[in-house]
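Undergrad: Below is one structure. I have some questions about it.
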Amino acid sequence: MAASKLNLPIVEKGATYRHTLFWKDSTNTPIQLTGCESRIQVRDSIDSPDVIIELSTENGRIILFPPLGRIDLYISSTDTSALVGFGGVYDMEVYFTNGDIVRLIEGRVTFKPEVTR
């Protein structure tokens, strides 16, 4: 399965960021995510060695709801305030307990500067 292209909604610096995704198969049945972990890294470019921000199930910025195939992305307002630059590229990997890794989505993300600070 090739990763779906998805440019994420704009991340407003200084504001809480939340975005929900639902992963379903071709028959509209939720993908079972029990025991899975997930990770996103945002970088200026694909080749950049520097990670601007990482979202993961380990750091609480990705929350999985296994039976629903639901994936919530979360970045606190404190963390969005600390973002540098104007965005970059990302991809999301999902790690299954059997060792399979799926790159679910990939695309761009834009950071919108904060005026009130």
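The values are calculated or read from the model by the stated rules, or taken from the named source; none is laboratory data. The structure presented is a predicted model; accordingly, all values stated were derived computationally and were not measured. Positions of Cβ are generated from backbone atoms using ideal geometry, with glycine treated the same way; all protein chains shown enter the neighbour counts.
Undergrad: Which strands (runs of 3 or more DSSP E) sit wholly inside segment 1-91 and have at least 3 residues that are at pLDDT 95 or above and either over 17 Å from VAL109 (Cβ atoms) or polar (S, T, N, Q) (or both)?
TA: 37-43, 62-65
Undergrad: When the residues of segment 92-117 are filtered to those that are among the hydrophobic types (A, V, I, L, M, F, W, C) and over 18 Å from LEU64 (Cα atoms), which remaining residue is modelled with the lowest pLDDT?
TA: Step by step, filter segment 92-117, then rank; the result is VAL115.
Undergrad: Restricting to segment 78-102, give me the number of residues that are closer than 16 Å to ARG43 by Cα and either under 14 Å from the mean Cα position of the chain (by Cα) or not β-branched (Val, Ile, Thr) (or both).
TA: Residues meeting the conditions: 13.
Undergrad: Within segment 33-53, which residues are surrounded by fewer than 14 Cβ atoms within 10 Å (Cβ to Cβ) and either in contact (Cβ under 8 Å) with a residue 24 or more places away in the chain or among the hydroxyl-bearing types (Ser, Thr, Tyr) (or both)?
TA: THR34, GLY35, SER45, ILE46, SER48
Undergrad: Could you check how many residues of segment 67-117 are touching a residue at least 60 places away in the same chain (Cβ under 8 Å) and on the phi > 0 side of the Ramachandran plot?
TA: 2
Undergrad: In addition: Return the total of residues in segment 16-32 being surrounded by fewer than 16 Cβ atoms within 10 Å (Cβ to Cβ) and either under 12 Å from GLY69 (Cα atoms) or touching a residue at least 40 places away in the same chain (Cβ under 8 Å) (or both).
TA: 11
Undergrad: Tell me which of these GLU58 doesn't satisfy, since it passes every other one: (1) over 15 Å from the mean Cα position of the chain (by Cα); (2) loosely packed, with under 13 Cβ neighbours inside 10 Å.
TA: With (1) over 15 Å from the mean Cα position of the chain (by Cα); (2) loosely packed, with under 13 Cβ neighbours inside 10 Å applied to GLU58, the lone miss is (1).
Undergrad: Right, something else. Output the residues belonging to segment 82-109 that are farther than 18 Å from PHE22 by Cα and either acidic (Asp, Glu) or loosely packed, with under 14 Cβ neighbours inside 10 Å (or both).
TA: Correct list: ALA82, VAL84, GLY85, PHE86, THR97, ASN98, GLY99, ASP100, ARG108.
Undergrad: Also: Can you find, within segment 61-78, the residue that is surrounded by the fewest Cβ atoms within 10 Å (Cβ to Cβ) among those that are β-branched (Val, Ile, Thr) and in contact with a strand residue (DSSP E or B) (Cβ under 6 Å, 6 or more places away or on another chain)?
TA: The selected residue is ILE63.
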